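Here the structure is laid out as structure tokens; the discussion comes afterwards.
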Amino acid sequence: MPAIDLAPLHPIVVHFAIALSVVGVLFRWISLAGRPAFVGPAAATLIVLAAIAGVLSSESGEKAHGPVERAPGARAAVVEHEEWGERAEHALLILAGVELLGLALYRWSRVKTLRVVAAVVGVAAVFCVYEAGEHGGELVYSYAGGVGTRSGDPKDVERLLLAGYYHQAMADRKAGRASEAAALIDAAAARFPAEPSVRLLAAESLLVDRKDPRAALEAIAAVTVSDDDRSLRIQKAQLTADGHLAVKEPNQALAALEQAAKAFPDPGLQQRIDRVRADLAGH
């Protein structure tokens, strides 16, 4: 029988380990007061389950780290996350051992001492779990660790590439590097020529980054958007209005907005329509 690939399960089991350990240790501290009666057994159960989830998290993380670690600049973050993951696993196993010992010696007169030990060890375990989770979050959100590669679907990698083009272009635009932003968006449009949202992004770049509203209007008009795609239809209308306003054609801008608002009533569109009408009345 083929071995189960645990790598794709890592993001799922990690959340179980975090939730079970935090709630289990909280219940253990509450149980020291002696009531309610169910809290003590519940704490032991949750902590043992957290230890199992911790082992699965560590094993699945080991299977998942390869592609992430090979990404340039990510190795140090991967190693740090792995180290804290191993500490969390060991801490949860020790904690579960104390809990199981307490269950085995439940008739012992000093069993409460074991429960106090479990509560104290639990704080250390939760700290390790927190650090592992915090470094895992940094790996995902700061280094794109696993993003686009977890499923093994090439389409996910393409979406990751497109997101990289977009976010870096927006960062360049915000920093005043308009030509760099335009170059990245052009590259995205060349890579994804059939995607209407990317073509509209390229048209917006002609307007915003290259300051060429006529070319932007031509590019916008050439984009075919599905009639039932509310979001893109509104986006196309907004961009069309921006282009016409940039070349001092407010009536055409108003017509584009009104046509979209008739098909898809939207507060944002209506606000823009009201502003354009007000500007026309003022002139």
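For Ala132, state whether it is more than 20 Å from Ser58 (Cα to Cα) and either modelled with pLDDT of 90 or more or surrounded by 14 or more Cβ atoms within 10 Å (Cβ to Cβ) (or both). Criteria not met by Ala132.
Only residues that are of a type in the set (Lys, Arg) and closer than 20 Å to Val55 by Cα were counted in region 128-164, giving 1. Scanning region 161-187 for residues that are surrounded by 14 or more Cβ atoms within 10 Å (Cβ to Cβ) and farther than 19 Å from Asp212 by Cα gives Leu161, Leu162, Ala163, Gly164, Tyr165, Tyr166, Gln168. Of the numbered criteria (1) closer than 30 Å to Asp212 by Cβ; (2) part of a helix (DSSP H, G or I), the one Ala118 fails is (1).
When Glu59, Glu69 are screened for being farther than 28 Å from Val120 by Cα, of a type outside the set (Gly, Ala, Ser) and in the same structural domain as Ala118 (by TED's automatic domain parsing), only Glu69 passes. Residues that are in a helix (DSSP H, G or I), in contact (Cβ under 8 Å) with a residue 60 or more places away in the chain and under 24 Å from the mean Cα position of the chain (by Cα) are absent from region 101-112. So is Asp279 without any contact (Cβ under 8 Å) to a residue 24 or more places away in the chain, acidic (Asp, Glu) and assigned to a helix (DSSP H, G or I) or not? It is false that Asp279 is without any contact (Cβ under 8 Å) to a residue 24 or more places away in the chain, acidic (Asp, Glu) and assigned to a helix (DSSP H, G or I). Against the test of being surrounded by 17 or more Cβ atoms within 10 Å (Cβ to Cβ) and in contact with a Gly (Cβ under 9 Å, 6 or more places away or on another chain), the options Leu217, Leu254, Leu269, Leu200 yield a single qualifying residue, Leu217. Note on region 19-39: residues that are without any contact (Cβ under 8 Å) to a residue 40 or more places away in the chain and assigned to a helix (DSSP H, G or I) amount to 7.
Quick grid of which residues meet (1) without any contact (Cβ under 8 Å) to a residue 40 or more places away in the chain; (2) in a loop (DSSP other than H, G, I, E, B); (3) under 20 Å from the mean Cα position of the chain (by Cα):
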site	(1), (2), (3)
Leu9	no, no, yes
Ile12	yes, no, yes
Ala17	no, no, yes
Pro41	yes, no, no
Ser58	yes, no, no
Pro67	no, no, yes
Arg87	no, no, no
His90	yes, no, no
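The values are calculated or read from the model by the stated rules, or taken from the named source; none is laboratory data. Because the structure is a prediction, the values reported are computed rather than measured. Glycine also receives a Cβ, built like all others from the backbone with ideal geometry; neighbour counts cover every protein chain displayed.
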